[in-house]
Each structure stands twice: as C-alpha cells, then as structure tokens.
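Undergrad: Would you mind keeping the following structure in view while I ask a few things?
Where a number appears in this text, it was derived from the coordinates with a stated rule and is not lab data. From a predicted model like this one, the values you see are computed outputs, not experimental measurements. Every residue, glycine among them, receives a Cβ derived from its backbone with ideal geometry; neighbour counts consider all protein chains shown.
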Amino acid sequence: MTSSVLSTRRGDVSLPQFVPDATRAVVRGVPAGTLPQSGVDTILVSTAHLISQPGTSVVRAVGGVHRFMGWSGPVISDSGGFQAFSLLTGQKGLATVSDAGLSYRFSPKQRFRDLTPKSCIETQLHLGADIIYCLDYCTHPLAPDAEQEKSVALTIRWATECRAVFDRLMADTPPQQRPQLFAVVQGGQRADLRTRCAAALMDLGFDGYGFGGYPIAAGRLVDEVELTARLLPPGAVLHGLGIGTPENLVAAWRCGYSIFDCTLPTRNARRGVLYTTLDTRNLADEGKVSRIARMSDEKWVRAATPVDPDCDCELCANYSAAYLAHLFRVEDSLGHTLATVHNLRFYTRLTAALRARVTGAVL
Ligand SMILES: [Zn+2]
C-alpha cells in the first residue's frame, strides 16, 4: 500500500492515481479541459491508434498531443504492443510479429504500420507524452509455453533497444525535461518467465513498470499482481495496465500498484452503467466498494434524487437520476457525457480515499 508522488515534466501525479483512457486523444464525450473537475490529473493515449489516425505527423504539426486535445496535465502513452496483440488474436491478416517488431492495421483496407523499438520510442517522443512505454510483445496468459518464452525474449530484447534509443535521443535534454520511461513485465502465468523478465528489466533500469491486462487470467488477479509486485524493486512505480473494476483496483493497490488505467468506467458510462455508493470501509479487505446503477432499470424513471447523493460531480450536483434515465431513453449524447463524468469522479474519489488511508487524512 503506497501513497506518494510521481514527478513528471508536466507536474506531480499523486499516487495512487486512476488514469482514464483517451485512446484516440479524447475521453469520449468529455472536453479535456473539464476533466480536472472530475479529479482527473493524468490521461493515457494509444500510440497505435494515433499513428493510424490522425497520424503522428499531424499531432506533431499541431504542437504535440497536449495542444492537439487541449490538455495540459501529464499524458501517458502506451507502446502499441497491446493493440497489436489484440489484432494478432482477432481477424486474420491484421498483424504480424517478427524479431524486428510488430506490423499492424485496424482493417484490411488500411496499409500496415510498423512498430519497432526505435519507431515506438521516436513516435511517443513526437507525440509529446510525459510517460512513455518500451515496445513489448503481449500474449494470452494461457498461451503455450513456447509463445510465452518468445514473448519474454522479445520484450527483453525490445526493452534493451528502447532504452538505448531513448538514452541516445535524450542525451542533450536535461533530466527534468525528459519523459519517464516505463517497461512492461511479460511472462503470462509462468512465474519463472516473469521473474526472468522482471530481473532483466530491472537491470536495464526504468522509471516504472507495467503489468496487467491479458497476462492475468480470469480469477487470478491478486495472485498474479502480487507475484509481479514482489519481483520489482521496493518503492518502484507499478502501473496496473487495464485494472480494472473498483474492487480489482483496490486489490492491486494492496499489492503495491499505484497507477491504474481502464476503459471500464467510460465504456460502462456510455451503456448507462454507473458506479455508486463508494464504501471506504472495505479498502483493507476484499469486500465490495461499489454498487452498480443501470439507467435502463425502471426504478430510475421517477427518481427525484441524484444517482449517487454522496457524489459531487456535475451530474449528481445538478440533475436527478430521472433526468439521466430520460437522456438515455431519448439517446441524447449529454447522457453519455454526464454518466462518464460521474464514473470518472467515482474512480478519482476511490483513489483519493486510498491516498487518505495511507496518509491518515480525513476526506
Ligand atoms: Zn456523480
């Protein structure tokens, strides 16, 4: 259980921190300038998506991803490895992997884009992100041993190349103006492989380490994140990639993770599924910390109260649950926006409660 601060070139990030996914340089339906009102400090963009659309050169021409999307806080960019993995395991012919790197396209009509260790680092520097990731090769947690071995070997090899490219390109940049460089631990469910991967990455030395997403099989979250946290240096900044539900976020935090990103709160919001009733009594154990409110439920049609009376977000401070239910029934995009604002606020209230728990502050 850690609470501290991660200093980036665009300011301090209080830890633990929930980071919304702004995959295509947008938290869907929400202007970036209003995100701090929901307690959001930092956002995460997808390198693979921005290469494809609008293209790195466009973002660069506009002055970088911050100016492009109107956001002045820290930005994390992923490596693109996870996107390529998703395409590799989906429709045939959308992605390939070789020792040199990954090639991918989002549809058969597009041309292939290459992600090599060198281009991965160069692209993220051109985007202007403040925390960037080494290229990694992700696999399914239950993939055959040979595939897990290949994943770890390529991830270590590419991280070595990324470290060298980053150090060369940043040689003349003062340390306080450089982005942070993170690496991803792979190895699936094989503890020996994950140990090998973590040890090699530690030898290279990074500002933080990511683990999560697909390497975690259903129902194994605590076992897997706990082992990986134990492999990494004490006090290291650990990013739980794609983690997760409020309860999984708390479980990973108890294992030592302090940055979390997930599409769940924003995607669920657009489906009219809201997180409510933050229960801070269960932060130290495995109890529920949230409840789910579905706007499709008849009980909200005449509800004069806010969706969550304890929440201070734009939705709960100004509108009844009945109004939000109405917006979803008439399919107005304002419903998506207000529900997203609420779910993000739920997550940032949760991480604020975790920070307060460590420091002893009263919320
Ligand atoms: Zn709210």
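Undergrad: Pairs of Cα atoms under 8 Å, at least six residues apart: use those to get the relative contact order of the chain, whole percent.
TA: In percent, rounded to a whole number, it is 17.
Undergrad: Shape of the range 4-262 from its Cα gyration tensor (a ≥ b ≥ c, root eigenvalues): rounded if a/c is under 1.5, otherwise prolate when a/b > b/c, or oblate?
TA: It comes out rounded by the Cα gyration axes.
Undergrad: Given a Förster radius of 22 Å and the C-beta distance between Val330 and Arg67 as r, what FRET efficiency does 1/(1 + (r/R0)^6) yield to the nearest 0.05?
TA: The computed FRET efficiency comes out at 0.05.
Undergrad: While we're on this one: Ordered by residue, what ³J(HN,Hα) values in Hz, to whole numbers, does the range 323-335 give under the Karplus form 6.51 cos²θ - 1.76 cosθ + 1.60, where θ = phi - 60° and Gly and Pro are x?
TA: 5, 5, 4, 4, 4, 5, 5, 8, 6, 8, 5, 4, x
Undergrad: In addition: With the Cα gyration tensor of the range 238-284 giving a ≥ b ≥ c as the square roots of its eigenvalues, does the rule (a/c under 1.5 for rounded; else a/b larger than b/c for prolate; else oblate) give rounded, prolate or oblate?
TA: oblate
Undergrad: Report relative contact order for the range 205-346 in percent, whole number only (criteria: Cα-Cα under 8 Å, sequence separation at least 6).
TA: Relative contact order here is 19 percent.
Undergrad: Charges at C-beta only: +1 for Lys and Arg, -1 for Asp and Glu. How large is the resulting dipole of the chain about its Cα centre, in Debye rounded to 20?
TA: Here the size comes out at about 680 debye.
Undergrad: Output the Kirkwood hydrodynamic radius of the range 273-359, Cα pairs only, in Å rounded to one decimal.
TA: That comes to 13.5 Å for the range 273-359.
Undergrad: Also: Sequence gap of 8 or more, or different chains, plus Cα separation below 29 Å: how many lysine pairs satisfy both in the chain?
TA: 6
Undergrad: Restricting to the chain, what percent of DSSP beta bridges are antiparallel, rounded to 5?
TA: Counting DSSP beta bridges with both partners in the chain, the antiparallel share is about 40 percent.
Undergrad: What list of ³J(HN,Hα) couplings, whole Hz, do you get for the range 51-56 from phi and the Karplus terms 6.51, -1.76, 1.60, once you set θ to phi - 60° and write x for glycine and proline?
TA: Rounded to whole hertz, the list is 4, 6, 8, x, x, 4.
Undergrad: Order of Phe106, Phe82 from fewest to most other C-beta atoms within 10 Å?
TA: Taking fewest neighbouring Cβ atoms as first place, the list is Phe106, Phe82.
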